[in-house]
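The values are calculated or read from the model by the stated rules, or taken from the named source; none is laboratory data. In this text, all values refer to a predicted model and were calculated from it rather than measured experimentally. As a convention, Cβ positions derive from the backbone with ideal geometry for all residues, glycine included, and neighbour counts pool all protein chains shown.
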């Protein structure tokens, strides 16, 4: 932990849509952070975002941002394949680290990232934002208070509003980049339990013409935990009605649900029935959660506690994703130990 | 109370839509009743309904039905203006009486009906069916259990699905035939309290071209109770989205709500948002309540207890309606004592 | 089809809770049926129910009921292991047949029942009552109208309110008697598609002390259809909050949901938050559906059309259940062809 | 309009809870504003808030803040009785003005404020924040699109979570400070219509022991508009379940509703039923609306358009409140012209 005073001086790596939103949060929404630098390899991108958000420095090379002595923490929002190396480099430079999911794409990389942060003694937090969404957090609190007893059946789902480029989606994407959120949610909703094995099925139902290239735009996963609980994770890349993220945990003493497709509480009653608006964009659903996770990160950088979700959480969710990929390939149940050993 | 055994042998007076539905309930839905006779002055109407429902006798003159020794109880579903005389005649003949609302159109008639039933010692129940709707009954139970503390603010509303003939509606209809339900509900939701005064406004908003003839198709009433509670009743004759009956009671310790415009729990999520079907017909909303009130009546005829809602309940709701009519005419608050004294 | 006039004269076989409820419906709730006979092997059971419901005949041997010339249709509500033989006997006697689920416990028996009804030319309807629940039927209508496009992800779940005797539950029960409802619902919600394979997991989570005897009180099933759709069925025998049956279908153009744990629409707002009552009993959730399926049956006996769900529907749901049992045993995906060939 | 570039330089007058929250929004949540000065007569208050929020100047005398050439706009969040004089002074100094509700406590003062802003040509916006709440704004949009046809019945209610000091509440407070929000909402939900008259009842139901001092903690108002629409506004100062603000507009073609007492979408199902958390604080319900109204103000200061709600809106809502006070006193309907003439 750094013991500096004042707002945490953060450097942002990556200025795509989520990077830019994080930049806005760091610069404007979170009093406890300052956005001091932006790095993006695309010509002019870092300058533009830095200028708009009042950051003093703009870099095309993330290494320069990491080396900047004015930067005490980094938010890594680059493409996923660069995450691990950036974590390792930032740790080596002694920077506190917030890294978007997935932190790594292999178990070896996950271990490398965790080890680097541990060796450097720097905070490492992973961007599983759903833990910071009000409804999901309230559900977890009910679980912690014993309100549902022992979890027995869990569900987590992600349905994106569509508009993706099927040619750009790799076979593992739905597990490594989308369902990894659900895997983290399911683990978080079943505290203390470990995953035994998974069974995954997937298909190209939105774009069947890409099925031959291995596209999976729809997937369903069954997960068994060592406390007996059985979980289902489900994803689809094209929901006609908007962005749909929900969770449900059923236990020996009750059930909690979280997530809602409604954009707000307005309801319209007319000759065709009763209707209400649905959430169209990821950012509309998780605006506050994205902000809150960074506010928590800043508090932890200033010594409030150990950041969560941790690198170990990222590794555990990754292991589920990797087991799913193997399960789809083999059509069989895959023990988690088969991908982590 | 009659001490006969077996199903209660009921004669139905009036075979309009609610009469016919009551007839079906008596004949088919309620094991504790038999429909033995039907009376309706319209040529052939009683025969037709009696034939379809297996009743043995059909009369054009209600007096003949009342005199029929096989009939031990009557359900009066004739037009409202005949209710009181039929109650009085049935009481004189020693029949148990279920009468549709309004039991009477004047306080004198209400008193006459109550006195007749009392003198004859026959059960008298009034058709305020909302008391028997599951959600409304559950709300009242919460109130009885102290779940909202002392009632302070109440609301009851009725919105019909439209299609009425404005030329057939009299100025007092909205209060005497529609809002009288809400007046009973509000009294029932505020147990033990008496109404002090009312202020009513009304207008012809659905059919403004009939405003000159005194049509009121929209009305709002403010009611003050002697325990301080303030209630609002509201009605409109043409809801585009169907049949809407709701209640709300706010008190010192909480709130209960009852009523729902949704026809069922199905929800459809699509590019236009989230939607669900609404209830289009009165009968769809209150089918079970209409049946339950008659089942209760039968049980009370067989000695289970004193029927409710009582004649006194009908008189109290009527008094509110009459005060409303005067309030609309004068534009001023009207004390209940002004119409009951 | 019989071309008799008047109400369908039905004999009831089995007077357990569902048999008795069906008997009440036949005798009292459905004008188009008469309950003429009851059979139950338990001493006095048939007499008691027949007496209460006004049926003229009571038998201890179902064969006698089937042979009764006054009986033109039978409702089979005996224990599941007798269903097939009773269907075959009733068919041989030329009776129209309504049989509770499961119609058969083996594919051979299912084929035998279907063949017997076909050979005799009698109507055969199976008691998958959810198809007749208002919300589920409305969901199916949306699907039929194209409101969700092509189904891609489906869910159906059953959670019983608990109180079962774990010693009395056999390993296959959760699939053959409980989830068989969900299997039918999922097939019905994905019209025209066939099941390819299943993967099922199950455990004794409610009563872990019975796990060694093969008890499954919790199960999750993944089903792949030949149109690409992926379905999840889920069951648990002990929901603390009551009886929970829900369905969800997500497709290329939207989603429909059906089922609701709320007992009614009343809501109570208090210092602890907002709350509402939940449904505690199966019969509270499906009262109208149980009645409607028999009303439909009667209409079909009188020639309205071919009864559904059909024997083939029962066979198809059974095949899924049998594949699930094998999948739990082997831990592997099981093709439907493996249990039907 | 000022044609300066950069964020709007705002001075905050008053640092009570809403003033402080507005200060945070100006300093941190809204990129288009800078908080440059704070004024508060309480010793040390302005310094403390200015220090925490990074404002450069702190004043005990609002006149000094208004005279500060670095301040180009003021947000007036002082006690209500000072609002008008501050508006007039700020206008005279050429500052853009955002004033909390109520802008004035008399019609004369309202006219004076409006005239001062008009004479100075400065923007004047009033803090009716509900217009900026997502659900309320969506409801208004439906109205504007014709989704409910012509408004006929409206409802707006405010129930505070309690904890007020009855000795500090004046007789008019419930109308001038609380229901004035609802009056604005009702006018805004019935665009283009003018209020004809009101009838108001009120009582001390939360603290009956203060009734003798004229306390009103509960009130119900009926409002007639010149397009025939009838509205009800309702308030209570102590809701056991939290903060409850809702609106409903029924018209010739449908209904819209806005507002929800639920704090978030989490639901908990347990042996006692189904429950969810309710909103406990004003600020939890309107956080985004409070921010959005100031963001809109800043945009209008920079020339985006004429600010709304306007001074005329404030005057119109005030007139309703004043008529209500007279109506409570007289027990009679009061024409709006009686208080505005």
*Which of the strands (runs of 3 or more DSSP E) contained wholly in segment D:243-298 include at least 1 residues that are at pLDDT 95 or above, within 23 Å of residue B:155 (Cβ to Cβ) and out of contact with any helix residue (DSSP H, G or I) (no Cβ under 8 Å at 6 or more places or on another chain)?*
D:244-251, D:254-258, D:273-276
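Scan segment B:206-221 for residues that are buried (at least 19 other Cβ atoms within 10 Å of the Cβ) and on the phi > 0 side of the Ramachandran plot and jot them down.
Residues satisfying the conditions do not exist here.
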*Only one residue in D:102, D:79 is in contact (Cβ under 8 Å) with a residue 12 or more places away in the chain and touching a helix residue (DSSP H, G or I) at 6+ places or on another chain (Cβ under 6 Å). Which one?*
D:102
*Name the residue, out of C:263, C:321, C:274, that is in the same structural domain as residue C:227 (by TED's automatic domain parsing), within 25 Å of the chain's Cα centre (by Cα) and buried (at least 22 other Cβ atoms within 10 Å of the Cβ).*
C:321
*Could you check residue A:192 against (1) without any contact (Cβ under 8 Å) to a residue 24 or more places away in the chain; (2) within 23 Å of the chain's Cα centre (by Cα); (3) under 26 Å from residue A:322 (Cβ atoms) and say which number it fails?*
(1)
*Return only the number of the condition from (1) under 23 Å from residue B:45 (Cβ atoms); (2) assigned to a helix (DSSP H, G or I) that residue B:71 does not satisfy.*
(2)
*Please give the strands (runs of 3 or more DSSP E) falling wholly within segment A:127-232 in which 3 or more residues are closer than 23 Å to residue A:284 by Cα.*
A:151-159
*Find the residue count for segment C:206-249, including only residues that are more than 27 Å from residue C:149 (Cα to Cα) and within 14 Å of chain D (Cβ to nearest Cβ).*
7
*When the residues of segment A:323-338 are filtered to those that are assigned to a helix (DSSP H, G or I) and touching a residue at least 60 places away in the same chain (Cβ under 8 Å), which remaining residue is nearest to the other protein chains (Cβ to nearest Cβ)?*
A:327
*Restricting segment A:252-284 to residues that are more than 8 Å from every other protein chain (Cβ to nearest Cβ) and touching a residue at least 40 places away in the same chain (Cβ under 8 Å), which is farthest from residue A:169 (Cα to Cα)?*
A:284
*Could you grab me the full set of residues in segment C:97-120 that are farther than 22 Å from residue C:34 by Cα and in a loop (DSSP other than H, G, I, E, B)?*
C:101, C:102, C:103, C:104, C:105, C:106
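Answer yes or no: is there a residue in segment D:132-139 that is over 20 Å from the mean Cα position of the chain (by Cα), over 22 Å from residue D:304 (Cβ atoms) and within 14 Å of chain A (Cβ to nearest Cβ).
The answer is no, given that none of the residues of segment D:132-139 is over 20 Å from the mean Cα position of the chain (by Cα), over 22 Å from residue D:304 (Cβ atoms) and within 14 Å of chain A (Cβ to nearest Cβ).
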*Among the residues of segment D:34-52, write down those that are outside any helix (DSSP H, G or I) and either buried (at least 19 other Cβ atoms within 10 Å of the Cβ) or modelled with pLDDT under 95 (or both).*
D:34, D:35, D:36, D:37, D:38, D:39, D:40
*Return yes when residue D:55 is surrounded by 21 or more Cβ atoms within 10 Å (Cβ to Cβ), at pLDDT 95 or above, away from chain A (no Cβ under 14 Å) and outside any strand (DSSP E or B) and no when it is not.*
no
*asked:* Quick check on this structure: which one of A:171, A:166 is touching a helix residue (DSSP H, G or I) at 6+ places or on another chain (Cβ under 6 Å) and at pLDDT below 95?
replied: A:166
*Kindly indicate which of A:169, A:122, A:99 is under 19 Å from the mean Cα position of the chain (by Cα), crowded, with 19+ Cβ neighbours inside 10 Å and not assigned by TED's automatic domain parsing to the domain that holds residue A:231.*
A:99
_Of residues in segment D:196-205 being farther than 13 Å from residue D:326 by Cβ and surrounded by fewer than 24 Cβ atoms within 10 Å (Cβ to Cβ), the one nearest to the other protein chains (Cβ to nearest Cβ)_ = D:203
*Return yes when residue B:90 is under 21 Å from the mean Cα position of the chain (by Cα) and either surrounded by fewer than 24 Cβ atoms within 10 Å (Cβ to Cβ) or farther than 19 Å from residue B:296 by Cβ (or both) and no when it is not.*
no
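Residue by residue through segment A:8-31, note down the ones that are surrounded by fewer than 17 Cβ atoms within 10 Å (Cβ to Cβ) and more than 22 Å from residue A:282 (Cβ to Cβ).
Correct list: A:31 only.
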*Look at segment A:78-96 and say how many of its residues are part of a loop (DSSP other than H, G, I, E, B) and more than 19 Å from residue A:9 (Cβ to Cβ).*
2
*Search segment A:58-68 for residues being out of contact with any helix residue (DSSP H, G or I) (no Cβ under 8 Å at 6 or more places or on another chain) and assigned to a helix (DSSP H, G or I), and hand back the single one that is surrounded by the most Cβ atoms within 10 Å (Cβ to Cβ).*
A:65
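Inspect segment C:303-322 for any residue being farther than 20 Å from residue B:262 by Cβ, outside any strand (DSSP E or B) and within 14 Å of another protein chain (Cβ to nearest Cβ) and give the result as yes or no.
Within segment C:303-322, not a single residue is farther than 20 Å from residue B:262 by Cβ, outside any strand (DSSP E or B) and within 14 Å of another protein chain (Cβ to nearest Cβ).
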